[in-house]
Amino acid sequence: MTGLTVPPTTVRTLVVDCPDWPLTALVVDPDEPVLVLGAGRVVAATAPARGAGVARGQRRCEAQRLCPEARVLARDEVREARGFEAVISALEGVTPWVTAQWPGWCSFGVQGPIRLFGGEVALVRHTTKVVTAAIAQSRLGTDPECRIGVADGAFAAGLAARSSGVAPEGAVIVPQGGSPDFLAPLPVEVLTMDGLKGDLANTLVRLGLVTLGAFAALPAADVLARFGADGLDAHRLASGVDDRLVGRRPVSPDLAVPTAFDPPVEQIDRTVFAARLAAEVLHERLSSRGIACTQIVIEVETENGEHISRRWRDGGTLSPTAVVDRVRWQLEGWLHGPPALRPTSGITLLVLVPDEVALASGHQLGFWGEASAADKRAGQACARVVGLLGPGSVQVPEWQGGRDPDTQVALTPFVELVEETGLAGQEGRLSGLSDKSRSLETPPWPGALPQPFPAAVHVDPVVVEVVDATGTAVTVDGRGGLSGVPNRLAISLPFVRPYPEATWRERITAWAGPWPIDERWWDQHRRRRGVRIQVVTADGVARLVVLADGQWKIAATYD
Amino acid sequence: MPSTQPTSYLRSLLAEPELFDDLPPEELLERHLFSEEGPSKSGLRVVPSLAETARRVQSTTLATDRVLPVLEALKGLLPNGLQRGITVGVSGSGARSLALALMARATETGSWVVVVGDDDLGLAAAAEVGVALKRLVVVNAPDPKQWAPVVAAFVGAVDLILVSPRHRPLAAEVRRLAARCREGGSVLVYMSPGVGHLIDGWPGRLDFHFSINEASWVGSDADPTIGSDMKQDRLRVRQVYVSVNGRGLPPEGRRDILLLPGPEGAPVRP
């Protein structure tokens, strides 16, 4: 990659990454196996848990299977935001241009501060000192760990921080102009970390382009023609010469959206509620000009004239929801943060200032597997029906594995995605899912029923009698063996809808099993114990009959 | 970084796919500009604008787009696939598996399925038959008054709608839904609630009616009965006799024998 010169547009950037901020915020002993869950997935884990194979993004059941002794904590985003506010305000003593991405990750341009501190190494050392001091002062994690990377452009700096060890000794400083060489050997999957579509990375791998260097070697015009603006953005990142989004432009100051509060507001919730409206207005204003916000400054003022202003960004463009999240983080950090920094009166003004915008590329149809028009339409229809029937009425399945047909697939409520992504985000959320191939590959569930699975799993199982040839009820002994050969299935209940007669009996022509089940025997309340058999009756219908708590029930029908 | 060889190879991969054979002549001329033997020799290379690219990759409606694909095993019953915009009834013992099998292939090619009001549907079985669960949405049984508006909200928005109302819908509602399906290109699949019932609750004409006339389960290949002597075996495959009647078919309909589920889960022809 020689011959490429770094244009002056690339900002030399320092990234501070506190990799396990959710753990730091919860003040967890790093030697204890602990995992933190957010939205049902692992967001952070301590070293002992990671040693057992727990990784970010795993589902709870998977992580607990790998590391059963781990303590499970719920993520506390409020504490994360409060703690990180202390770090950011401390860093403002180093440079006024700190840009936060989310609690645990922030960056700033080094050009100014290196003059003050005399070189990048000294700057890294000083930054580390400031960050660890801020963490210690807010009495968060006992042994705070922060990583620092310096490179041309925020993308390369972020990757440098991720690949670095504990700062300051482990910090990775990519020399000036060295970003292309630093990025070249990295796998293209790292593009997904910066908010870009994972599909593009998949596609590139399928085309044989496994490293960023190989992708960067393609002519930019061809990349644009084939992959559109998203592809060109990725190409620029991969080249390491220019990490601005396509079509970045200066912002006219009258695009800012101010919201005044009279009387002043003390509660965060009310401010955030107003921020949602403001974010929608901003989004509307920008999109009517064909642009989208990539970096935003959130300014808050109080009655007594206290003022806080923070610069936030995300990997790609900021949606209204992302902006609202950041308003909340900033306010949590300020109003409930360190007492010395707390304001003394209510909030009177909130201003959302778009700091950097890019051309809104809209939503383009993908070549492979990206959200299509059909996904979008389906998402809109689902949102409409949620409006009609209420939340929770529309559900999407997610494969989770299990021993019984009623637990293998979990239904989660459809979450209306505010932006125009339709179900695309939904699909992304369910990325770990559940096609046929997936269902056959899931980790083994010892004692699970063999395939095929029943096509009807009854929500309200019907109680039946299972009797042997002599008419005695079939029971189970301590070892899970049946007391007799099932011969007849009978329902002697009042009228039950699918079975038209009051007394319905059917001869069993064939049966299989039993498959005993004893789940969660350690938990008195949630223990499930029973025996399952498959029976085929004379009418040709196969059913799954389960004995639990002394009652046989038709749990499912192989319809 | 060795750049020349891979680049020339990849450029061919990156060239625009031959998806636009049906473009009008003036566009073909324009396309010619991008091709290798076009004016690129003279150094001119026109890069299409984003809007232009977006317009080109937009789907065009071909005759085959009016049909949803079906599994290979169902080709005997539906040789041309599932026509969009029709209403289909499924009945008999095994109706759920058959309904899922009808929809499976289409979900793999990007169509969405919405299941309205069948709380008993086995989703693991759906995945096993081949339905892509990531394009499946389940709607709890709505109140009879809201049933028609809910189904109507999905008509035109998703390709396949599986309904199994617990009540008897009004004939006028059903007629309107069928008309909207014809317009919007969605397929409405009706399955009567419960197990093993006949089509009796649908107060309108169905374009196609699939029924399973006979079904028999078999165990392992060696022993066609399962476990009758306490042998450790399990349900394996079910042989079903399916017939389909409806519009444009001979009066006696079409018949076929399927293994549903087959030995691997997905239906196959024996």
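Note that segment B:63-259 shows a convex hull volume over its alpha carbon atoms of 128 Å³ per residue.
Of A:TRP21, A:LEU66, A:THR95, which is farthest towards the positive pole of segment A:12-239's charge dipole, taken about the Cα centre with +1 and -1 on the beta-carbons of Lys, Arg and Asp, Glu respectively? Selected residue: A:LEU66. Taking amide H as placed 1.01 Å from N in the peptide plane, the amide H of B:LEU68 sits under 5 Å from that of B:LEU82, B:GLN83, B:ARG84, each at least 5 places away or on another chain. Each peptide among A:469-479, A:62-72 gets the average number of other Cβ atoms lying within 10 Å of its residues, and from highest to lowest they stand as A:62-72, A:469-479. Averaged over the residues of A:277-289, the number of partner chain Cβ atoms lying within 10 Å of the residue Cβ comes to 0. Farthest toward the positive end of the dipole of segment A:253-359, out of A:GLY305, A:THR348, A:SER288, is the Cα of A:SER288, where the dipole comes from beta carbon charges about the Cα centre.
Here A:THR128, A:THR557 are placed in order of increasing Cβ neighbour count within 10 Å, fewest first, which gives A:THR128, A:THR557. Residues in segment B:72-88 carry Karplus couplings, in order, of 3, 5, 8, 4, x, 8, 10, x, 9, x, 9, 5, 5, x, 9, 10, 10 Hz; the curve used is 6.51 cos²θ - 1.76 cosθ + 1.60 with θ = phi - 60°, and Gly or Pro positions show x. Take each peptide in B:144-157, B:71-84, B:117-130, count the other Cβ atoms within 10 Å of every residue, and average; sorted highest first, the result is B:117-130, B:144-157, B:71-84. For the peptide B:140-152, the mean number of other protein chain Cβ atoms found within 10 angstrom of a residue's Cβ is 2. Residues A:ARG285, B:ARG236, arranged from fewest to most other Cβ atoms within 10 angstrom of their Cβ, appear as A:ARG285, B:ARG236. Label-to-label distance, A:LEU73 versus B:ARG176, with points set 7 angstrom from Cα along the beta-carbon direction: 5.6 nm.
Classify segment A:12-239 from the C-alpha gyration tensor, please: rounded if a/c falls under 1.5, else prolate or oblate depending on whether a/b exceeds b/c. It comes out oblate by the Cα gyration axes. Per residue, the convex hull spanned by the alpha carbons of segment A:7-70 comes to 121 Å³. Taking 7 Å steps out from each Cα toward its Cβ at A:THR344 and B:GLU183 produces label points 6.6 nm apart.
Within 10 Å of each Cβ in peptide B:262-268, how many partner chain Cβ atoms are there on average? Round it to a whole number, please.
Working: counts 1, 2, 4, 6, 2, 0, 0.
Mean shielding count: 2.
Dipole magnitude for segment A:1-118: computed about the Cα centre from +1 point charges on Lys and Arg Cβ and -1 point charges on Asp and Glu Cβ, it is near 340 debye. Residue by residue, segment B:115-121 carries 3J(HN,Hα) couplings of 9, 9, x, 10, 5, 8, 4 Hz when phi is fed to the Karplus relation 6.51 cos²θ - 1.76 cosθ + 1.60 (θ = phi - 60°); x denotes Gly or Pro. Both the radius of gyration and Dmax for segment A:253-359 are 13.4, 43 Å, in that order, over alpha-carbon atoms.
Each reported figure results from applying straightforward, stated rules to the coordinates on display, with no laboratory input. As the structure is a prediction and not an experimental result, all values here were calculated from the model. A quick note on method: Cβ atoms are made from the backbone with ideal geometry, for glycine too, and the neighbour counts reach across all protein chains shown.
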